[in-house]
Amino acid sequence: KMPRFFEPTPAFFAWAKKFLRNQFVFEVGAGDGHTSEGLRESGIEGIGLDLFPESKTIRGDGTCYPFIAATTVMLCRPCHGDFVWLTIQQAMMRGVTTIVYVGLERNVEGDLQGHRKHFRLLLSDAGSDGEKVWVWDMRPRRDHIKAALVRTQGYAKPSVY
């Protein structure tokens, strides 16, 4: 049995239920799948991926996994090195719209590297060891969408740009 590096708090699942509702979540480096299972129990669809899958996870390498566009990739207390950065790159190339990083404050800069500036801290009490949740939400926000009413040949149609 794999050791568990991340033990989610009830606050983590409450946050996830609110923030990740209606999103499909790929938890990368899921270990035994206890976090993915907790997310499913909270009503969030998704799967856990791990290089060494157990009964509740599937085999998958986040650095080259064919993620589905418009989904969420979550990394909870990941191994360090280029793994996190390469997984984020792969997620971006595949059109993922949300990346969730759960970890210790001391590891954020090293794990997220040049992507750090895109992440916002959204939850401070995510895990039993003081893990926090940072999110890069790439979904279009209503306040960033510019819309115009364009009149063409006698009728108007909305145009988003």
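Read-outs: derived from the displayed coordinates by stated rules, not from any lab. The structure displayed is predicted, hence computed values, not measured ones. Glycine gets a Cβ as well: all are built from the backbone with ideal geometry, and neighbour counts include every protein chain shown.
Label point of N22 set 7 angstrom out along Cα-Cβ; within the range 34-75, amide nitrogens under 19 Å from it belong to 40, 42-46, 69-73. Protection proxy ranking for 122-128, 54-60, 69-75, using the average of other Cβ atoms within 10 Å per residue and placing the highest first: 69-75, 122-128, 54-60.
Taking every C-alpha pair closer than 8 Å and separated by at least 6 residues, the mean separation divided by the residue count of the range 1-149 gives a relative contact order of 22 percent. In summary, the aspartates and glutamates within cross-link reach of K117, defined as a Cα separation below 16 angstrom excluding same-chain residues under 8 places away, comprise E105, E109, D137. Listed peptides 105-111, 132-138 appear in the order 132-138, 105-111 once ranked by packing, highest mean of other Cβ atoms within 10 Å at the front.
With contacts taken as Cα pairs under 8 Å at a separation of at least 6 residues, the range 53-95 carries a relative contact order of 53 percent.
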